[in-house]
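Written below as structure tokens is the structure these notes are about.
Derivation of every value follows stated rules applied to the coordinates shown; laboratory data play no part. What you see is a predicted model; the values in this text were computed from it and never measured. Neighbour counts run over all protein chains shown; Cβ positions are idealised from the backbone, glycine included.
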Amino acid sequence: EMEKKKEAEQAGEESSPKEAKVERKFEKEKHVRYFLYMLKMMPHDYESMDMKRMMILYLSLSGLDVMGEIKRVDEKLKKRAINWIYSMQKTPPKFTAGGAENKNSQPNKHYGFRGSSSFGGKYGECNCEDIFPNDEAHIAMTYSALSCLKILGDDLSKVDKKAIIRSLKLLQRENGCFRCVTSEEDDMRFMYCACVISDMLDDWTGIDIPKAVEYIVESQAFDGGIGLRIGAEGHGGTTYCAVASLVLMNKVHELKDMEGLTRWCVYAQGKGFVGRPNKPADSCYSFWIGSTMKMLGIYHLTDINGNREFNLRCQTPWGGFGKHPNVHPDPLHTYFGICGLSMMGLDSELLPIDPRWGITLRAKGGVENEQNEAKSGEVEAK
Amino acid sequence: GMSAVLTFPLAKSELFGDLEPVEQDDGPEPIVPIAYSDHFVDVMNYFRAILKKSEYSARALALTEEVIKINPANYTGWLFRRECLKELKEDLQKELEFVDEISEVSSKNYQLWHHRRVIVTHIGKVGSELEATTKALLKDPKNYHVWAHRQWVLRTFGVYENELKFVDALLKKDIRNNSAWNQRYFVVKNTSGFTKPVLQREIAYTYEAIRKAPNNLSPWNYLRGLISQKDFDMIDAITKGAADVFRSDRKCAECLSFLVDIALKFPSISRLKTASKMCHDLQTDLCKIRHKYWEYQNGKVKEMLKKLEDEAKQTK
């Protein structure tokens, strides 16, 4: 028993006796400043994020939004962000090689939003395929861009929706799953991106739904969790991606082992949530698994207080959350740690999120009453 | 193939003297900019120039190596590298050594493992893929990427012969390694299948593991995987095993949890009555943190119990 307790302490599951004396509170202002700083400049050790700047933008803007502080992004910064986002859009060429207007949006390439300007084209140049043939959009950056635009109140009128939907067809593989770019492999993360993009643009013609559903159903592991691919270990992040995809497609009932999934989710929580059995708790899973449970109508089976206590311990003195207590912060764990707190409903300053889209109900729009649970994607418990 | 040697900064090197570097154009007021180091900017400026030219050359190949080193998540770097390797007809075995080198630093990188799979596919032989993943897993036994790669190797080349032994070795090191339990299921499913003799063997193996650490969730989940096989009928064997565990540790929450699941899956009035009591014990004493779940489970147990009791009354 002593050994187990020591292990749990090391993994951050349990507070050390010294820590337990400190009353934890949500240090909102520190996290607001953390994200505002990211918007202005990321330090050089973020070079590995160079292809994903659009995603960091999403984490930062949505993080501010969930904290009720999107207003800290003033009109000037908002305009700057929207301009930059649209400069990342890659659309089909306006004219064909022959000079005629491109009515069919050929050629059949991957259009949508890029993660950054690293590809080399000129600012605002939506198509430079003739100069940079390797340039293409990235499905997760398209999702991030659309989310950011919604958060900033843009009406998406400058988005080439048809080109994006058509590109989904290009990215879906024989097995039903999706790639992020044409040169990389398919997996469950991009299945989610494809589904949420289709829902955001209200156009499902780019997805072969039966094939997609079959892939997800086959990916459920024997313990009830869902993995990155068929045969892979059940994992918190991919379980979210799979369940959210099914919910968006209205096909949750196709899952073969709902009881197993319920048990897997419940068991993922000690105090904090783990991503896989027998691994240490990690702040981001309070969102991945918490929101999975929200969508399945079983969130009431969680221990909100234990969850909150763990998340708050993952806050750092500099602002931001780390994956465990006493670990350096990063934008991903900060954002999902805050989203996890929002779902618990214990911090009134945090705005409710739509678990399917990963943005606030406010950003999603079209909701009169933010308290309206029915619109948040919660399913009636059976 | 030839190999080019890069000197930095590339802007001052003779090798790239003819090329016009292409700067990133982030617009007048970028957002979420990165404070790039000079070296990063230098390398990427020349990579963009190479991309613009679609130049598959020795210097381009060398450049992709640096691009990958400064940002292993740069999928365009990996893609262009593959195109250079193809064009220059490079030695793909040597390329695997390069992947090994990058893997030392970035073993949790999606692009790297995808690249490895493309290279191995082109080589067309299993080579030392099992050895490479074994080595990686001995260092980092739960690395999700390595397990995914190993599953791909097994599926693609059908080299399952020693896999159960490998899983067993990892479980001997750490009986709680959930990835290894998942792999066990994967191997049995893709080789013998869950036939009766295999089920007998697996049930015995799993209870042996449970005896070593009764509150370990992974083997209990593995048992749940076994009982969900088509036409599973070895209820007595599986219940006996659980009863043995219960006798030696009446407070083993995982054991009770499993017996409740057995009662729900193979219901009988006596099993359900016992299960209801177990749910109560779990809820109030043995697993209080999940008390709402045990309330939920008990609800299902009682509902099913009522149904069976009503049916029994009707047949009287």
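Give the dimensionless ratio obtained when the Cα radius of gyration of the range A:159-214 is divided by 2.2 N^0.38 Å.
In units of the 2.2 N^0.38 Å rule of thumb, it is 1.00.
List the residues whose amide H sits under 5 Å from the amide H of A:Y123, counting only those 5 or more places along or on another chain, with H placed 1.01 Å from N in the peptide plane.
So A:Y123 has HN proximity to B:G27.
Around A:G237, what is the net charge, scoring Lys/Arg as +1 and Asp/Glu as -1 over all other residues with Cβ under 14 Å from its Cβ?
+3
Return the distance in nm (one decimal) between the two label points of a simple spin-label model at B:A58 and A:K28, each offset 7 Å from Cα along Cα→Cβ.
6.3
Which entries in the list A:K52/B:K52; B:K108/B:K172; B:K139/B:K196; A:K256/B:K196 go over 30 Å, if you measure between the two C-alpha atoms of each?
B:K139/B:K196
For the charge dipole of chain A, defined by +1 on Lys and Arg C-beta atoms and -1 on Asp and Glu C-beta atoms about the Cα centroid, which residue among A:L246, A:G236, A:N102 has the Cα displaced farthest towards the positive pole?
Checked the options; the winner is A:N102.
Work through the residues other than A:E349 whose Cβ is under 11 Å from its Cβ and net out their charges, Lys, Arg +1 and Asp, Glu -1.
-2
Using only the alpha carbons, work out the radius of gyration and Dmax of the protein assembly as shown in angstrom.
26.6, 98
Return the FRET efficiency for the residue pair B:K12, B:Q93: r is the Cβ-Cβ distance, R0 is 30 Å, and the value is rounded to the nearest 0.05.
The computed FRET efficiency comes out at 0.30.
What ranking do B:V105, B:V126 get, fewest neighbouring Cβ atoms within 10 angstrom at the top?
Ranked by crowding around the Cβ, least crowded first: B:V105, B:V126.
May I ask for the angle, rounded to the nearest 10°, between helix B:75-87 and the longest principal axis of chain B, with both axes built from Cα atoms and the value confined to 0 to 90°?
That helix lies at roughly 60 degrees to the long axis.
Evaluate the distance, in nm, between pseudo-label points positioned 7 Å from the Cα of A:K76 and of A:E129 along their respective Cα→Cβ axes.
So the two model labels end up 4.0 nm from each other.
So if I take the centroid of the Cα atoms in the range B:243-312 and the same for the range A:185-244, what is the distance between those two points in Å?
33
Alpha carbons only, please: Rg and Dmax for chain B, in angstrom.
28.4, 98
With charges only on Cβ, +1 for K and R and -1 for D and E, what is the dipole size of the range B:264-316 about its Cα centre, in debye, rounded to 20?
80
Roughly what angle does helix A:285-296 make with the longest principal axis of chain A, taking Cα atoms, 0 to 90 degrees, to the nearest 10?
Tilt of helix A:285-296: around 80 degrees.
Could you derive backbone 3J(HN,Hα) for the range B:297-311 from the dihedral phi with the Karplus parameters 6.51, -1.76 and 1.60 (θ = phi - 60°), listing whole Hz in sequence and x where the residue is Gly or Pro?
Each residue's phi maps through the Karplus curve to give 5, 4, x, 5, 4, 5, 4, 5, 4, 4, 4, 5, 5, 4, 4 Hz.
So if I place +1 on the C-beta of Lys and Arg and -1 on the C-beta of Asp and Glu, and nothing else carries charge, what would the dipole magnitude of the protein assembly as shown be about its Cα centre? I want it in debye, nearest 20.
So the dipole magnitude of the protein assembly as shown works out to roughly 1840 debye.
Quick one: give the max-minus-min coordinate of the C-alpha atoms of the range A:239-314 along each principal axis, largest first, in Å.
37, 21, 19
Just subtract the alpha-carbon distance of B:D100 and B:H39 from 0.36 nm times their residue separation and send over the number in nm, one decimal.
Full extension of this stretch gives 19.6 nm more.
Can you tell me the dipole magnitude for chain A around its Cα centre, using point charges on the Cβ only (Lys, Arg +1; Asp, Glu -1), in Debye to the nearest 20?
Computed about the Cα centre, the dipole is about 800 debye.
Based solely on C-alpha atoms, express the radius of gyration and the Dmax of the range B:1-137 in angstrom.
Taking only Cα atoms of the range B:1-137, I get Rg and Dmax of 16.1, 51 Å.
For the range B:48-61, take each phi angle, set θ = phi - 60°, evaluate the Karplus expression 6.51 cos²θ - 1.76 cosθ + 1.60, and give the result in whole Hz per residue in order, putting x for glycine and proline.
For the range B:48-61, the Karplus-derived couplings read 4, 5, 5, 4, 4, 8, 6, 8, 9, 9, 5, 5, 5, 4 Hz, x marking Gly and Pro.
Could you derive backbone 3J(HN,Hα) for the range B:160-169 from the dihedral phi with the Karplus parameters 6.51, -1.76 and 1.60 (θ = phi - 60°), listing whole Hz in sequence and x where the residue is Gly or Pro?
For the range B:160-169, the Karplus curve yields 7, 3, 9, 5, 5, 5, 5, 4, 4, 4 Hz.
Once R0 is set to 25 Å, what does the formula 1/(1 + (r/R0)^6) return for the Cβ-Cβ distance between B:S3 and B:T156, expressed as a FRET efficiency to the nearest 0.05?
0.25
Evaluate E = 1/(1 + (r/R0)^6) for A:S48 and A:N250, where r is the Cβ-Cβ distance and R0 equals 41 Å; express this FRET efficiency to the nearest 0.05.
So the FRET efficiency works out to roughly 0.65.
How big is the equivalent ellipsoid of the range B:193-247 along its three axes, where each semi-axis is √(5λ) from the Cα gyration tensor, reported in whole Å from largest to smallest?
Taking √(5λ) for each eigenvalue gives 18, 12, 10 Å, largest first.
Sorted from largest down, what three extents in whole angstroms do the Cα atoms of the range A:20-179 have along their principal axes?
71, 41, 31
Out of every Cα pair in the range B:175-305, what percent are spaced more than 17 Å from each other?
Across the range B:175-305, Cα pairs with separations above 17 Å total 58 percent.
Using only Cα atoms and rounding to the nearest 10 degrees, what angle (0 to 90) does helix A:188-200 make with the longest principal axis of chain A?
Helix A:188-200 sits roughly 70 degrees off the main axis of chain A.
Run the quick spin-label model on A:M258 and A:Y86: label points 7 Å from Cα toward the beta carbon, then report their separation in nm to one decimal.
Distance between the two pseudo-spin positions: 4.5 nm.
Taking H as built 1.01 Å from N, whose amide H comes closer than 5 Å to the amide H of A:T360, not counting residues under 5 places away?
A:D354
Given the Cα-Cα distance of B:R201 and B:F266 and 0.36 nm per residue of separation, how much length would full extension add, in nm?
Gain in length upon complete extension: 21.3 nm.
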